[in-house]
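Engineer: Below are the structure tokens for one structure; questions will follow.
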Amino acid sequence: MGEEAPSAKPRIGLEKAPTGIEGVDEITAGGLPRDRTTLIIGEPGCGKTVFALQTLVNGALRGEPGIFVAFEENSRHIIANAASFGWDLPALERDRLFFLDARMSPDTVQAGEFDLAGLLASLGAKVDEMGARRIVFDSLDVMVALLGSPAAEWREVYRLRDWLSARALTGIITARSQRGAPSFLQRYDFMQFVADCVIELGQRLQDYIALRYLRVVKYRGSAFNENEAPLIISPTGIQFTDPGLAALAYPISTERISTGIVRLDSMLRGGYLRGTSTLITGASGTAKSTLCGAFVEAVCQRGEGALYVALDESGDEIVRNLSSVAIRLAPHLASGLLTMYSARTEALSIEDHVLQLKTLIREHRPCCMVIDPISAWQQVGGRPAGTDAARRLLHLAKSEGITLVCSSLVLGVPQAEAAAVRISTIADTWIHLSYIVQAGERNRTLTIVKSRGVGHSNQVRELILSDHGVTLADVYTAGGEVLVGTLRWEREQAEEEERKRQEREIERKRRELELAQAETNGRIEALQRELEARRVELDRLAEERAESERQRAASAKEIQRRRDADKEAES
């Protein structure tokens, strides 16, 4: 056995202060450096203040009192805004949080130089009073800009860094960066050298959708994830849809669960493997949603919970449409086994969609889940972003042990399998639906492209929808010809008629042979009777001959006796 890969743990001696923000602590291998300085930079609207305040609130809830120093925004406004996230800051203000307005009034006239010594002295007293462990300096660049010279700016920033170290405080500094600049304001890029940890928050527009992200630029003395991690500002604060971890550890099962279609179960040697992902691709109208609905119905009929995610289509419409092929989802919605979630893709960013699904998964804990169609995400962030979000969701489902079935729209001719969404490379099972147009008819076919860990059929089946449900039929193949629909039915009817004709011909010949056999048997019986008569006649002749021989012998004997008697008389 090989050695286990080393886990991403902080170096010995470097203590971490957890942020309490899911994803951030994973990216930073434990949180921010305790008793050191962290710099949060980004353009306006990226969430710098929210990030800093959320970290401070989570620390206070963990028993680490904190101080928030506002250099730009009114602290009362900050507290009011935080109420929208469900944080009860007034309750924490009693003994675990303190907010200080350090803004300069617009009417203030600066006369001579000033520094942060007085501010830090008053803050030191407050730190001692409440036993603070964490402190946030929000928009420090606004204050630094008033110092007047680069030398003074350097001096005061280093003064602040040393003060935090001397007080053993976990410090967070937020500062703005210019739009279009690589990462930092050129004037204040020296701050990145002062801080032990630098985190960049950013945002960009993609197809008119705002996308936010976080990236750890540096972290002294600790390993960290260097990649961008998408984030959103949700009703509960900053959230990450995926921490970007490389480790893949999933629960593995060999249990099979039904697809909801008997013949498809047979093609997959028993159905889907529990906890795996299945991708159903095909052009519009090939019955992708129908296969999804059949799977969900089978799940609920077993008494298991299911989540059906409908993108760009109403859940009520899906329930109505599926009922036309005898798939009844309404009773399971009423029982609570099935949860239906509908959303318009353009209304939210990719990360909002993924986060919403994560929330639904945690609330309902479904055993199985359907996303119909997952390809709709490509309309939000384009192919790369949509594919990346789909991959992350597939990993999430596997980590939760959820059996996931996704549909994906493939544009173009049926031969466009190779152009299907790239998540087909990580999906465990890939089912492709297509059309065959013949004799003025368009008919559906189904093929299993792959199914990891499962023996499966490589045959093409015709997918038939009717009032009685969904069935799969063998296509007609002969001499390289493939027929489906009416042509298949006609050929099958012709073959059935030919089979019946052959059976009738065989039956006629059988009867003729039976009659000939009966006649032959009759002749044989007559010959046997004639033979028996001849045998009786021969026996009678043999007896007559024997009787004649006996009489002749007796007569000869009598004659001999008489002759002998004459001889005795003479003597």
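The values are calculated or read from the model by the stated rules, or taken from the named source; none is laboratory data. What you see is a predicted model, and the numbers here were worked out from it, not measured in a lab. Please note: Cβ atoms are built from the backbone with ideal geometry, for glycine as well, and neighbour counts cover all protein chains shown.
Engineer: Answer yes or no as to whether residue 310 is surrounded by 22 or more Cβ atoms within 10 Å (Cβ to Cβ) and touching a residue at least 24 places away in the same chain (Cβ under 8 Å).
Structural biologist: For residue 310, the condition - surrounded by 22 or more Cβ atoms within 10 Å (Cβ to Cβ) and touching a residue at least 24 places away in the same chain (Cβ under 8 Å) - is met.
Engineer: In this structure, does residue 317 turn out to be surrounded by fewer than 17 Cβ atoms within 10 Å (Cβ to Cβ), over 18 Å from the mean Cα position of the chain (by Cα) and of a type in the set (Asp, Glu)?
Structural biologist: The answer is yes for residue 317.
Engineer: Which one is nearest to the chain's Cα centre (by Cα), of the residues in the range 199-225 that are charged (D, E, K, R) and at pLDDT 85 or above?
Structural biologist: Ranking the candidates gives 215 first.
Engineer: Still on this model: So which residues in the range 209-237 are part of a loop (DSSP other than H, G, I, E, B) and touching a residue at least 60 places away in the same chain (Cβ under 8 Å)?
Structural biologist: Result: 220, 221, 222, 223, 224, 225, 235, 236.
Engineer: Restricting the range 385-427 to residues that are among the hydroxyl-bearing types (Ser, Thr, Tyr) and modelled with pLDDT of 80 or more, which is nearest to residue 372 (Cα to Cα)?
Structural biologist: Checking each candidate, the answer is 407.
Engineer: Would you pick out the residues in the range 80-91 that are within 16 Å of residue 50 (Cβ to Cβ) and either outside the structural domain of residue 63 (by TED's automatic domain parsing) or assigned to a helix (DSSP H, G or I) (or both)?
Structural biologist: Answer for the range 80-91, where residues must be within 16 Å of residue 50 (Cβ to Cβ) and either outside the structural domain of residue 63 (by TED's automatic domain parsing) or assigned to a helix (DSSP H, G or I) (or both): 80, 81, 82, 83, 84, 85, 89.
Engineer: Another question, if that's okay. In the range 248-289, how many are assigned to a loop (DSSP other than H, G, I, E, B), over 13 Å from residue 368 (Cβ atoms) and of a type in the set (Ser, Thr, Tyr)?
Structural biologist: Within the range 248-289, residues that are assigned to a loop (DSSP other than H, G, I, E, B), over 13 Å from residue 368 (Cβ atoms) and of a type in the set (Ser, Thr, Tyr) number 4.
Engineer: Is it true that some residue in the range 519-526 is surrounded by 10 or more Cβ atoms within 10 Å (Cβ to Cβ), outside the structural domain of residue 441 (by TED's automatic domain parsing) and within 30 Å of residue 441 (Cα to Cα)?
Structural biologist: No, the range 519-526 has no match at all.
Engineer: Follow-up. Here are some residues: 355, 322, 329. Which one is in contact (Cβ under 8 Å) with a residue 40 or more places away in the chain and either among the acidic types (Asp, Glu) or surrounded by 19 or more Cβ atoms within 10 Å (Cβ to Cβ) (or both)?
Structural biologist: None of the others qualify; the one that does is 355.
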